[in-house]
Amino acid sequence: MPLTIQDVLPRSLAAKNGIKPGDKLLSINGHDIRDFIDLQFYGSDVRLDCELETADGTRRSIGITRRDKTALGIEPESYRFDSCVNNCVFCFIDQMPPTLRETLYMKDDDYLYSFVFGNYISLTNLSDADFDRILEQRLTPLYVSIHATNPDLRQKLMRYPMQFDLMQKLRKLSAAGIQLHCQLVLVPGWNDGGELKRSLSDLLSPDLEVLSIGIVPVGLTRYRNKLTSLRTFTKAEAQQIIQLADSARQNFGTDIIYCADELFILADTHIPEADYYNDYPQIENGIGMVRLMLENWKDKRRTFLKELKKKNKPLLMVSGVSAAEYVDSIAAEITKKADCCPASVQPVVNEFMGKSVTVSGLLTFADIKAQVFPGLDEIVALPANIFNHDGITLDGFSQLEIKEYWQRDILIIDPLFDDWEWF
């Protein structure tokens, strides 16, 4: 499908050459333009010979010469991502309640989103032409959901309808210089133990361009009626996974294998120091978030304490269950260094999703208000990741509505303690 132009920036090269919203950009320099990546990739040349189709179906050719890297000025219509063709036994979307925002049920598995946003993809829905495009346009790095390198087990876990040679695809990408961030979502009794050893060994093969490997425990909610029977890991099993990962690090002489924070917390094991995580390549996967929060707190605490002292009120910090111990260490330091503003922590149990869901990013305001009862003068500090980009919780409450509900100052703190905002 050609790219439809949604808007043209005033006084831009596109506007000066008569390109209008509603026009379709068919090609640039002979290359078909299908989406925003094609526009960026092929539209970066100095000379652009463009083929367009106007809203009334008229075709025309335009030659544009760019000077001084001037922006073309075309804003494309919203991109329609490729959907997932898998039916994973552990799919989190399949185990969500039916009353949430529509966008939360969208199963994207799009390689462009992987390249641009770091979304994890399975590769199973890619055509040969898609792979060729990845190589031609050097869309690197990509983020790939591996789960198991054993082909039969991977198909059993992900339930895709075709035979798929994952390792062959990874080798093809790697041979062309496409680098890979990989994740392994582990399910007890499925892809842990010996299968995890096999997966790590395969991914650490010298003919693969793997930048990082994240090991994440399966997440299960209470909405699993009629779904495959699965369970969460025990403390002993979490300890075994960490030991296995550490052994692979030592045996292969690598530091690119990382266990999720949840595994260390479940294993009742100390969160590793910052050097374990290198430059935090899998932070969006929940790997290293606790350590980075503690490191950022060290850097930000003077500014934060100074700002808090101006309010001269106690602070109640809301947390998910998993990180509560570490948030509590920050609260203790606040209390010690800002004696006018003692801080305390209230962990919130996730009754909405299920008690096994312990991260703050999946808390609803319904659970928070049912468990958090701030004192008369207390400021309530909420983790920012309970809100989406529009400032709305999973169950539809805005930041201003929460402030109005409690009739007090609300402090929204980035979960990595990189920033905060008052309401």
Qualifying residue in segment 91-104 (condition: modelled with pLDDT of 95 or more, touching a His at 6+ places or on another chain (Cβ under 9 Å) and part of a loop (DSSP other than H, G, I, E, B)):
no
Yes or no: Asp390 more than 24 Å from Ser329 (Cα to Cα), charged (D, E, K, R) and under 23 Å from the mean Cα position of the chain (by Cα)?
yes
Looking at segment 204-220, is at least one residue outside any helix (DSSP H, G or I), in the same structural domain as Asn119 (by TED's automatic domain parsing) and over 30 Å from Ser174 (Cβ atoms)?
yes
Are any residues in segment 25-57 of a type in the set (Val, Ile, Thr) and either modelled with pLDDT of 95 or more or within 24 Å of Arg138 (Cβ to Cβ) (or both), and if so, which ones?
Ile28, Ile33, Ile37, Val46
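Does any residue of segment 49-61 turn out to be of a type in the set (S, T, N, Q) and closer than 26 Å to Phe115 by Cβ?
no
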Answer yes or no: is there a residue in segment 170-182 that is assigned by TED's automatic domain parsing to the domain that holds Asn251, out of contact with any Pro (no Cβ under 7 Å at 6 or more places or on another chain) and either within 21 Å of Leu230 (Cβ to Cβ) or assigned to a strand (DSSP E or B) (or both).
yes
Go through (1) within 25 Å of Leu308 (Cα to Cα); (2) touching a residue at least 40 places away in the same chain (Cβ under 8 Å) one by one and return the number of the condition Trp422 breaks.
(2)
Can you tell me which residue in segment 327-341 is surrounded by the fewest Cβ atoms within 10 Å (Cβ to Cβ), limited to those that are within 12 Å of Lys309 (Cβ to Cβ) and touching a Leu at 6+ places or on another chain (Cβ under 9 Å)?
Cys340
Which of the numbered conditions does Lys336 fail, given that it passes all the others? Conditions: (1) closer than 15 Å to Met317 by Cα; (2) more than 28 Å from the chain's Cα centre (by Cα).
(1)
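Can you tell me how many residues in segment 1-23 are of a type in the set (Gly, Ala, Ser) and part of a loop (DSSP other than H, G, I, E, B)?
The qualifying residues number 3.
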Six or more apart or on different chains, Cβ atoms under 8 Å: show the pairs whose first residue is in segment 113-137 and without any contact (Cβ under 8 Å) to a residue 40 or more places away in the chain and whose second is of a type in the set (Asp, Glu).
Asn119/Asp108; Asn119/Asp110; Ile121/Asp109; Ile121/Asp110; Ser122/Asp109
I'd like the residue in segment 59-77 that is at negative phi and modelled with pLDDT under 90 and, out of all such residues, is surrounded by the most Cβ atoms within 10 Å (Cβ to Cβ).
Arg66
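Quick one: would you say Ile256 is under 27 Å from Gln155 (Cβ atoms) and crowded, with 20+ Cβ neighbours inside 10 Å?
So Ile256 fails the test.
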Positions within segment 24-60 being part of a helix (DSSP H, G or I) and of a type outside the set (Asp, Glu), in sequence order:
Phe36, Ile37, Leu39, Gln40, Phe41, Tyr42
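The values are calculated or read from the model by the stated rules, or taken from the named source; none is laboratory data. The structure displayed is predicted, hence computed values, not measured ones. Neighbour counts are summed over all protein chains in view; Cβ atoms, including those assigned to glycine, are modelled from backbone coordinates with ideal geometry.
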